[in-house]
Amino acid sequence: MEYKFVKDYSENEMLRKSFSELAKETFGIDFEKWYDAKGWNSNYIPYSFSHDNKIIANVSVNKMELMISG
């Protein structure tokens, strides 16, 4: 079995939709609605493994500024 490491693939419709399916199956989260609402921007970076163009594992980074105590 061959696995491919992929990242930052929001504009790759096949991988993005596969990622959304994995998120729905695992956590009940629909990332396609978030993507359609322009919520998935360059600050959100998925790092995934795919097999036959299907996302099978993922960890993501969401870069953001955070202010604590002022």
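The values are calculated or read from the model by the stated rules, or taken from the named source; none is laboratory data. This structure is a prediction, so every number in the text was calculated from the model and none was measured. Heads up, the Cβs are rebuilt from the backbone with ideal geometry, glycines too, and the neighbour counts pull from every protein chain shown. Note: accessible area is taken over every heavy atom of the protein model, side chains too, but ligands, DNA and RNA are not part of it. Shrake-Rupley method; radii C 1.70, N 1.55, O 1.52, S 1.80 Å.
Helices in the chain, meaning DSSP H runs of at least 4 residues, each add -39500 (n - 2.57). Divided by all residues, the mean residue ellipticity at 222 nm is -9000 deg cm²/dmol. For the cross-link pairs Lys4/Lys33; Lys17/Lys38; Lys4/Lys54; Lys17/Lys63; Lys38/Lys63; Lys4/Lys63, the ones whose C-alpha atoms lie over 19 Å apart are Lys4/Lys33; Lys17/Lys63; Lys4/Lys63. The C-alpha atoms of the chain occupy a region whose extents along the principal axes are 51, 22, 22 Å, arranged from largest to smallest.
Hand me the trypsin sites (Lys or Arg not before Pro) from the chain located in a DSSP loop with no more than 12 other Cβ atoms within 10 Å, in residue order please. Show your work: numbers first, answer last.
Numbers: sites: Lys4, Lys7, Arg16, Lys17, Lys24, Lys33, Lys38, Lys54, Lys63; in loops: Lys38, Lys63.
Filter output for the chain: Lys38, Lys63.
Per residue, the chain exposes an accessible area of 76 Å² to a 1.4 Å probe, with every protein chain left in place.
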